[in-house]
1. Quick one: is Lys105 of a type in the set (Lys, Arg), at pLDDT 95 or above, part of a loop (DSSP other than H, G, I, E, B) and surrounded by fewer than 16 Cβ atoms within 10 Å (Cβ to Cβ)?
2. Of everything in segment 1-32 that's among the polar types (S, T, N, Q) and closer than 17 Å to Pro72 by Cβ, which residue is surrounded by the most Cβ atoms within 10 Å (Cβ to Cβ)?
3. Would you call Val88 loosely packed, with under 14 Cβ neighbours inside 10 Å, modelled with pLDDT of 95 or more and outside the structural domain of Tyr38 (by TED's automatic domain parsing)?
4. If a residue must be touching a helix residue (DSSP H, G or I) at 6+ places or on another chain (Cβ under 9 Å) and in contact (Cβ under 8 Å) with a residue 24 or more places away in the chain, how many such residues does segment 128-144 contain?
5. Considering only segment 1-24, state which residues are of a type outside the set (A, V, I, L, M) and either outside any helix (DSSP H, G or I) or touching a strand residue (DSSP E or B) at 6+ places or on another chain (Cβ under 7 Å) (or both).
6. Among the residues of segment 58-85, how many are within 14 Å of the chain's Cα centre (by Cα), β-branched (Val, Ile, Thr) and surrounded by fewer than 15 Cβ atoms within 10 Å (Cβ to Cβ)?
7. What tally of residues in segment 25-51 results from selecting those that are part of a loop (DSSP other than H, G, I, E, B) and without any contact (Cβ under 8 Å) to a residue 12 or more places away in the chain?
8. When you go through (1) surrounded by 16 or more Cβ atoms within 10 Å (Cβ to Cβ); (2) in contact with a strand residue (DSSP E or B) (Cβ under 7 Å, 6 or more places away or on another chain); (3) farther than 29 Å from Ser6 by Cβ one by one for Cys122, which number turns out not to apply?
Amino acid sequence: MNIPKSDLKLIEPVLGEFASVPGSLITILQKAQEIYGYLPKDVIYHIAQKTGNTPAEIIGVATFYSQFRLEPIGKYLVMSCQGTACHVNGSEKVFAAVSEYLGIKSGETTSDGIFTFEKVACLGCCSLAPVIMINGEAFGNLTPEKAVQILKNLREKEGA
């Protein structure tokens, strides 16, 4: 398996600013994820080398906090809210319809790389329940059909 190497020069300004600052590992990981879209293994090892942490410590932090990703995500990150308001308004049916349409489960990415789908605890949009969020934009008052149509529109936009 030929895994491409990350351009480590991209993270150097961040490491220059934060590597020696105590308690800054989360900030470094957040900025690394902004740069690369996720936390590639070679970047984690580079951060470890520059900060004096072990790769295991960094992976421990990255896996503890749900904001961090160790795998690349699709162009569109689709989050399906499962909070109380969404649950009582039918979020499980919306989740099932989206999962079936995309052909993936929570935490997976479509084979074309367009969509990553995640079930999340709460999106904080309770008045719009049930809600999905796509790349930070909330879509509310959904039915399974409305949710699938939103995804179909995005797929058409991508020419897929």
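1. yes
2. Of the residues in segment 1-32, the ones among the polar types (S, T, N, Q) are 2, 6, 20, 24, 27, 30.
Subset that is closer than 17 Å to Pro72 by Cβ: 2, 6, 30.
Details: Asn2: 3, Ser6: 18, Gln30: 15.
For segment 1-32, the residue satisfying everything is Ser6.
3. Working: loosely packed, with under 14 Cβ neighbours inside 10 Å: yes; modelled with pLDDT of 95 or more: yes; outside the structural domain of Tyr38 (by TED's automatic domain parsing): yes.
Yes; evaluated as a whole, the condition is true for this residue.
4. 8
5. Of everything in segment 1-24, those that are of a type outside the set (A, V, I, L, M) and either outside any helix (DSSP H, G or I) or touching a strand residue (DSSP E or B) at 6+ places or on another chain (Cβ under 7 Å) (or both) turn out to be Asn2, Pro4, Lys5, Ser6, Asp7, Ser20, Pro22, Gly23, Ser24.
6. 1
7. At the first step, the residues of segment 25-51 found to be part of a loop (DSSP other than H, G, I, E, B) are 37-40.
After this cut, where a residue has to be without any contact (Cβ under 8 Å) to a residue 12 or more places away in the chain as well, the list is none.
The number of residues fulfilling the criteria is 0.
8. Condition (1) is where Cys122 drops out.
The values are calculated or read from the model by the stated rules, or taken from the named source; none is laboratory data. All of these numbers come straight from a predicted model, not from anything done at the bench. So basically every Cβ, Gly included, is an ideal-geometry build from the backbone, and we count neighbours across all protein chains shown.
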